[in-house]
Amino acid sequence: MIPILDYTPIAQFAIGPDHRITHWNRACELLTGIRASDMIGTRRQWVPFYSAERPVLADLVAENDFSRFLEIYRGREAGPSQVIPEAWQAVDFFETLGGRSRYIFFLAAPIFDAQDRRSGAVETLQDITQQVHGEQRLQESEKRYRVLTESVADGIAVIQAERIVFANQAFADLFEITDPGELSGRPALEIIARVDRAHMKRMIQAFRSDRRTEESLQIRCLSTTGRVFWAEANNRIIQWAGQVAVLTTVRDVTESLQRESHIRQEAESLRMENVRLRSSIRERYRFGGLVGKSRAMQEVYEMILRAASSGAHVILYGESGTGKEVTARAIHDASPRKNRPFVPVNCGAIPELLLESEFFGHRKGAFTGAQADKLGFLDLADGGTLFLDEVAELPLSLQIKLLRALEGGGYSPLGSGKTKHPDLHIIAATNSDLDEEVREGRMREDFYYRIHVLPIHLPSLRERLDDLPLLVEHLLERLVGEKAPRALPPRVMEALTGHTWPGNVRELQNVLQRYVTLKRLDLGTPSGGFAAKPARAPGGSDGALDHLDLQGAVAGFERDLIQRHLERLHWHRTRVATFLGVSRKTLFRKMKQHGLQ
């Protein structure tokens, strides 16, 4: 039997009853680097493996010393062979064996003589270095994979042969299971609601037959408490432990689907409402807070309906006082977001140093004076509408950050590393020429295209004087209620019609407020009464300045000067303040004082 050892590719040697080597095959020479002629007849079987003399596995088997075998090879996967009777096996690592480090699998079996007495042993040595390294790499890979999957919020599982072989904690939480290990080995179909099990089975079979490598689907799942929920699953083929498996990433989308369904229902309801509104819009003389039945206003109403139903970002163009915020609120109230927040922001009235904090919020301690957490405009408007009045006043640095937030990149409050992704409908407003702002480099072109989706031009009051009687009636009702006169004296209406209304509806409201208070028409400022175009008031003088004192004349000149520069510089408040040599805060105060906002 022994000569046969020379022909096996597996390293083997044999010892006799005196523990001397009787055979050392060619494969053993190649493994250890020691020739058979140097080993046969000696007791040097330990030399290739150990630095000092000690029994090798064949010695222990020949002596049938099992207890010493366990003592010497403790922790080296030592034990009886499951294949060969009375053989023992173990695994050991050697820093240098045949010129390099190796993992060796030992198996030694006894040799019996004719009287069935132990007369030696045969030891087999197998180099399993690559196998061990492969297993180590696999274990490290699976360890890294487990660490990675436990650090993500989505549920992750691996399905193999229609059974779950791995699940992370987030996956277990979805199904109300405390320990992810409880899912291991369970049929994958058990966690799927019965109505969708056939669909899930077809998908798994398609993966196993290589007809598909990736698929996303929405499917109903079943938790251990019997709760049915909708899950969005992304599935793809992977190799797991050397075999084909399905990697599935799952998240609960029940609430989002319910919200989408609710939005669709609201959208359908709004569509029907829009149809009804359009059928009677030509007879309408008001829409939300807007008043007027002129052709220009009917076109505005139509654009409001389109903007509300489309959800596209809107830019409102119009002079100061034409009702840009009222229009923005009308769009919001007619949209599916009507029950969500409407947050108006006057971009020109915020000090530049506070802009980022006001828009994005901050955490406590983010800067000196930040005594508590503060929500920004984007937080407050999340899910609703953000109205950016005087959007041309935003500095370039903030335009970049707003653009990132609007395009899905999100934003982080000052002092926070958490990224938020707002859901916003943007309505911007300006009385500047945004094309010129872009050409002059005061507005980023990409920011311009992001907000300039659906433009709506609001007519000035002088462009729709036909609406003046309706506006007067409406404003008087707001000012004095039921006591409001049904009609003003003809001479008063004539004076109102002849005025140029640089402040538009806001100026008209101020004029009517003074008329109700002073019982006379005064087309000037609250402090003096300077008219942009003189109009005779009842019982007054034809001269524009006859009744003015010095304070009134100065106030009128100041108002006229500010208005001229606002119109010349396209109502760019920062540039007007710089030209006049005053701060933005002072300019805003005087504009408010003179009814020019």
Report summary line: In the range 314-369, anything without any contact (Cβ under 8 Å) to a residue 60 or more places away in the chain and part of a strand (DSSP E or B) is listed as Phe342, Val343, Pro344, Val345, Asn346, His362
Report summary line: Looking across the range 477-508 at residues that are β-branched (Val, Ile, Thr) and farther than 15 Å from Arg520 by Cα, the single one that is modelled with the highest pLDDT is Val505
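Condition check ((1) surrounded by fewer than 16 Cβ atoms within 10 Å (Cβ to Cβ); (2) at pLDDT below 90; (3) under 23 Å from the mean Cα position of the chain (by Cα)) across all residues:
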position	(1), (2), (3)
Arg211	yes, yes, no
Ser216	yes, yes, yes
Cys221	no, no, no
Ala231	no, no, yes
Asn234	yes, yes, yes
Ile238	yes, yes, no
Gln243	yes, yes, no
Val246	no, yes, no
Requested in this report: Restrict the check to the range 63-82 and report whether at least one residue is part of a strand (DSSP E or B) and assigned by TED's automatic domain parsing to the domain that holds Ala121.
Outcome: yes
Query raised in the report: Is it true that Arg520 is in the same structural domain as Val582 (by TED's automatic domain parsing) and modelled with pLDDT of 85 or more?
Result: no
Query - Residues (part of a helix (DSSP H, G or I) and β-branched (Val, Ile, Thr)) located in the range 164-222 - result: Ile191, Val195, Ile204
Requested in this report: Test Asn25 against the stated conditions and say whether it is under 17 Å from Ile104 (Cβ atoms) and either buried (at least 21 other Cβ atoms within 10 Å of the Cβ) or in contact (Cβ under 8 Å) with a residue 24 or more places away in the chain (or both).
Outcome: yes
Requested in this report: Determine whether Tyr301 is farther than 30 Å from Ala577 by Cα and among the hydroxyl-bearing types (Ser, Thr, Tyr).
Outcome: yes
Report summary line: Checked Phe13, Phe49 against criteria (in contact with a Cys (Cβ under 6 Å, 6 or more places away or on another chain) and either touching a residue at least 40 places away in the same chain (Cβ under 8 Å) or among the charged types (D, E, K, R) (or both)); the one match is Phe13
**Report entry** Hey, Val314 assigned by TED's automatic domain parsing to the domain that holds Asp435, at pLDDT 90 or above and β-branched (Val, Ile, Thr) or not
**Finding:** yes
Report task. Filter the range 408-417 down to residues that are part of a loop (DSSP other than H, G, I, E, B) and modelled with pLDDT of 85 or more and give me whichever is nearest to Val453 (Cα to Cα). Result -> Gly410
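For (1) surrounded by fewer than 16 Cβ atoms within 10 Å (Cβ to Cβ); (2) assigned by TED's automatic domain parsing to the domain that holds Thr322; (3) assigned to a loop (DSSP other than H, G, I, E, B), each residue gets a yes or a no:
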site	(1), (2), (3)
Leu386	no, yes, no
Leu402	no, yes, no
Pro422	no, yes, yes
Asp435	yes, yes, no
Tyr449	yes, yes, no
Report task. Test Glu232 against the stated conditions and say whether it is closer than 30 Å to Asn339 by Cβ, out of contact with any His (no Cβ under 6 Å at 6 or more places or on another chain) and among the charged types (D, E, K, R). Result -> yes
Query raised in the report: Taking the range 36-78 on its own, how many of its residues are among the hydroxyl-bearing types (Ser, Thr, Tyr) and in contact with a helix residue (DSSP H, G or I) (Cβ under 6 Å, 6 or more places away or on another chain)?
Result: 0
Query raised in the report: When you look at Ala52, is it farther than 16 Å from Ser101 by Cα and either outside any loop (DSSP other than H, G, I, E, B) or polar (S, T, N, Q) (or both), yes or no?
Result: no
Query - Candidate set: the range 279-311, residues that are in contact with a helix residue (DSSP H, G or I) (Cβ under 7 Å, 6 or more places away or on another chain) and at positive phi; chosen: the one modelled with the highest pLDDT - result: Gly292
Query raised in the report: Any idea which of (1) among the hydrophobic types (A, V, I, L, M, F, W, C); (2) assigned by TED's automatic domain parsing to the domain that holds Val326; (3) loosely packed, with under 15 Cβ neighbours inside 10 Å; (4) free of Cβ contacts under 8 Å to residues at least 40 places away in the same chain is the one Leu396 doesn't satisfy?
Result: (4)
Report summary line: Checking Ile111, Ile164 in turn, the sole residue that is modelled with pLDDT of 90 or more and assigned by TED's automatic domain parsing to the domain that holds Trp240 turns out to be Ile164
Requested in this report: Using the structure shown, decide if Gly75 is farther than 21 Å from His19 by Cβ and in contact (Cβ under 8 Å) with a residue 40 or more places away in the chain.
Outcome: no
Report task. Report yes if Leu60 is assigned to a helix (DSSP H, G or I), within 60 Å of the chain's Cα centre (by Cα) and closer than 25 Å to Glu86 by Cβ, otherwise no. Result -> no
Requested in this report: Go through the range 85-140 residue by residue and tally those that are charged (D, E, K, R) and outside any strand (DSSP E or B).
Outcome: 7
Report task. Please work out if Ala11 is closer than 21 Å to Gln126 by Cβ and either surrounded by 21 or more Cβ atoms within 10 Å (Cβ to Cβ) or outside the structural domain of Arg117 (by TED's automatic domain parsing) (or both). Result -> yes
Requested in this report: Collect the residues in the range 49-73 that are charged (D, E, K, R) and under 14 Å from Phe106 (Cα atoms), keeping them in residue-number order.
Outcome: Asp59
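The values are calculated or read from the model by the stated rules, or taken from the named source; none is laboratory data. Quick caveat: nothing in here was measured; it's all calculated off a predicted structure. For neighbour counting, all protein chains shown are included, and Cβ atoms are generated from backbone atoms with ideal geometry for every residue, glycine included.
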